[in-house]
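Notes to accompany the following structure.
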Amino acid sequence: IAFNDALARLSTLDERQGQIVELRFLGGLTVDEVAEVTGLSVSTIEREWRMARAWLRRELSGATT
C-alpha cells in the first residue's frame, strides 16, 4: 500500500517518472523496452529511472529533505 501511495504521489509530481516506474517495476520492462514504448532515449529513461528510484526510496523510508 505504501508503494502504491508513493507511486501515486510521484506520478502527480512527475507523470513521466511515474510512467517509467510503472513500466519498469510493475510491467517488468527493460530500459530499452521502456525507451521503445515511450519514444524516449535510453539515456533519458536511465536518468529518469535513477531519479524516480531515489525519490521513492526517500519517500518509503520516511526521510525528509
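The values are calculated or read from the model by the stated rules, or taken from the named source; none is laboratory data. The model shown is predicted, which means the values in this text are computed figures rather than measured ones. Positions of Cβ are generated from backbone atoms using ideal geometry, with glycine treated the same way; all protein chains shown enter the neighbour counts. The accessibility values were calculated without ligands, DNA or RNA, using every heavy atom of the protein model including side chains. Shrake-Rupley method; radii C 1.70, N 1.55, O 1.52, S 1.80 Å.
Rolling a 1.4 Å probe over the protein heavy atoms gives the chain an accessible area of 66 Å² per residue. The fraction of accessible area contributed by carbon and sulfur in the chain is 51 percent, rounded to a whole number (1.4 Å probe; ligands and nucleic acids excluded). Exposure check, 1.4 Å probe, all protein chains in place: T30 carries approximately 70 Å² of accessible surface. Net charge around I20, counting only other residues with Cβ within less than 12 Å of its Cβ (Lys, Arg = +1; Asp, Glu = -1)? Here the count lands on -1. Along the axis of the charge dipole computed for the chain (Cβ charges of +1 for Lys and Arg, -1 for Asp and Glu, origin at the Cα centre), the listed residues F25, S41, L13 are led at the positive end by L13.
Net charge in the neighbourhood of S41 (other residues with Cβ under 13 Å of its Cβ; Lys, Arg +1, Asp, Glu -1) is -2. Converting the Cα gyration tensor eigenvalues of the chain into ellipsoid dimensions via √(5λ) gives semi-axes, longest first, of 21, 12, 10 Å. Taking 7 Å steps out from each Cα toward its Cβ at A2 and R58 produces label points 1.7 nm apart.
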